[in-house]
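The values are calculated or read from the model by the stated rules, or taken from the named source; none is laboratory data. Note that this is a predicted model, so its numbers are computed, not measured. Note that we place each Cβ from the backbone using ideal geometry, even for glycine, and neighbour counts take in every protein chain shown.
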Amino acid sequence: MNAELVEGARVILDDRIETASVRIEAGRITGIDVARDGASVIPACGRILAPAFVDIHGDAFERQVMPRPGVMVPVETALLETDRQLAANGIATAYHALTLSWEPGLRSVDTGWQIVRALERLRPRLTAENRLQLRWETFCHEAEPLIAHALTSADRPALAFNDHTTSMLLHPDVPVQDRPFDQVDPYPVTPLDAPRFVKKMADHARRAQVSPEEYVALLTSVWSRRAEVPAHIARMAALARSHKVPMLSHDDSQTETRSYYRNLGATVAEFPMHDRVFLSARDAGDPIVLGAPNAMRGGSHLGSPGAAQMIARGLCDILASDYFYPAMLGAMVRLHADRVAPLPALWKLVSLNPARAMGLADRGRIAPGQRADLLLLDWPEGQTPAPMRTWVAGRPGYSALPAIPQTEPAL
């Protein structure tokens, strides 16, 4: 019998924390407070056992692919290292936010194909469940064959509608949080010699490994496609619906934007940028995603609404790692210390709620029959917690536990 019993931990359940033992067998949770019955025992007295994290938007893997501006490393090496980081940070299911853009370099369609192919080859060797969020720049019709291919993957991806093209060209007098609906006409376009725009283009050009002049010329060319974009969006949304793939829209600043994407089937609101969008999403029952770094740091680095405030108002359902994998646990620490909500309710933001939003009914909570995606924490009161062990479908994905006997005599 290949079973384990995590014994004596303080277990985060749906609505409470209680000291209990959790049995794992054949990749599933098979009982709570059941007999040892020959299982290998993992002593966990004084530790916390929680559902492992489900991360529906993480782009920290980009720093593995390009650890310095303009310096790319082999994609398989980057993804293997990312996989280890996921497991070590308690993330059992990860959706890599793979930006598919018209720009060259890191976020190009060519790099996207490399990452998709590498994940297909590496899947049997990976520890965490590495999925994709196809973070599609809607002006990039060149990405459509890649999206069509990825939508057929056994590990069903998500499709996120992303429009940074109109954001880049937004007139400096209009705050980004008030950016109009992407398809409004006329759109308030920046003068190309505006100092803020020139600096921003230089930053983007470094990532794309071209000159600022080349980048602006490419952006201007892409902007000329604007009239074609709605048809491309409608076609990709229909394809995603046919594959029953979850869809999200990113950085919505207007209720019109949220309604447009919701009507296409993108029912998840990812990183809304204004209070009105949060309220519109909540009224419609759309899951709302914010960044765990926002919650961990106590506010957004972009000036968007604070995650803690939105959680307290009932306007945030999910926290994603965004650009820093340890932030999912860090957010739990900060929100718990600030008494934003009881810990079992907070934990749903990083486990049960994202799993449900992605249609993954088999994980995200500790209950018999659920997949054994678990995280054991050393969390002394008032101190920073440390992951001690991560299970992915019952497999030991990461362990910093001291050596323990394989079996103990039955009680």
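Would you check if there is a residue in region 16-35 being among the aliphatic types (A, V, I, L, M), modelled with pLDDT of 95 or more and within 29 Å of Leu290 (Cα to Cα)? Yes; the residues of region 16-35 include at least one that is among the aliphatic types (A, V, I, L, M), modelled with pLDDT of 95 or more and within 29 Å of Leu290 (Cα to Cα).
Remark: pairs (first residue in region 233-250, assigned to a helix (DSSP H, G or I); second residue among the acidic types (Asp, Glu) and surrounded by fewer than 19 Cβ atoms within 10 Å (Cβ to Cβ); Cβ separation under 7 Å; 6+ apart in sequence or on different chains) = Met236/Glu144.
Determine whether region 279-289 contains at least one residue that is touching a Phe, Trp or Tyr at 6+ places or on another chain (Cβ under 8 Å), assigned by TED's automatic domain parsing to the domain that holds Trp136 and not β-branched (Val, Ile, Thr). No.
Please tell me if Val277 is more than 29 Å from the chain's Cα centre (by Cα) and assigned to a helix (DSSP H, G or I). So Val277 fails the test. The C-beta contact set for region 68-85 (first residue surrounded by 14 or more Cβ atoms within 10 Å (Cβ to Cβ), second residue at pLDDT 95 or above and β-branched (Val, Ile, Thr), distance under 6 angstrom, 6+ apart or interchain) comprises Val75/Ile115; Ala78/Val65; Asp83/Thr127.
The set of residues in region 129-139 being under 13 Å from Val109 (Cα atoms) and in contact (Cβ under 8 Å) with a residue 60 or more places away in the chain consists of Arg135, Trp136, Thr138, Phe139.
Just one of the listed residues (Trp379, Trp347) is aromatic (Phe, Trp, Tyr) and within 27 Å of Leu248 (Cα to Cα), namely Trp347. The single condition from (1) in contact with a strand residue (DSSP E or B) (Cβ under 7 Å, 6 or more places away or on another chain); (2) on the phi > 0 side of the Ramachandran plot; (3) not β-branched (Val, Ile, Thr) that Gly105 fails is (1).
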